[in-house]
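Single-structure report; data block below.
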Amino acid sequence: MFVVKNNDLFKTNSDVHNFNTRSHYDLHIPAVNFAVFQNGVWYSGIKIYNYLPPTIKKLSYDISKFIAALKRLLYTNSFYTLEEYYSWK
């Protein structure tokens, strides 16, 4: 929810470079080496958001629809760890 509510604070990959890639509209993950930063809300929130299906990402401008779609995803797929979530796609 942090990423969706503060979407204007984050850069997309298209803001960083002009190459047309598959992840053109995903949020840009900053290159950092500190584990404290990588485990924080900013970095891990971007990473979790980028792994969402595109249908749910499109709903991020309407928070109530986004929450409903995210709940449906989490109810239908029981993710017990982040590794399960990342390997789901």
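The values are calculated or read from the model by the stated rules, or taken from the named source; none is laboratory data. If you're wondering where the values come from, they're calculated on a predicted model, not measured in any experiment. Here the Cβ is made from the backbone with ideal geometry for all residues, glycine too, and neighbour counts use every protein chain on show.
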Close pairs from region 45-69: first touching a residue at least 40 places away in the same chain (Cβ under 8 Å), partner among the β-branched types (V, I, T) and outside any helix (DSSP H, G or I), Cβ under 8 Å, at least 6 apart: I46/I29
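Quick one: which of T21, T12 is out of contact with any Pro (no Cβ under 8 Å at 6 or more places or on another chain), hydroxyl-bearing (S, T, Y) and surrounded by 13 or more Cβ atoms within 10 Å (Cβ to Cβ)?
T12
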How many of the residues making up region 51-62 are closer than 20 Å to I29 by Cβ and at pLDDT 90 or above? 4
What about D15, is it touching a strand residue (DSSP E or B) at 6+ places or on another chain (Cβ under 9 Å), without any contact (Cβ under 8 Å) to a residue 60 or more places away in the chain and among the acidic types (D, E)? no
So how many residues does region 63-89 have that are surrounded by 10 or more Cβ atoms within 10 Å (Cβ to Cβ), at pLDDT below 90 and among the charged types (D, E, K, R)? 0
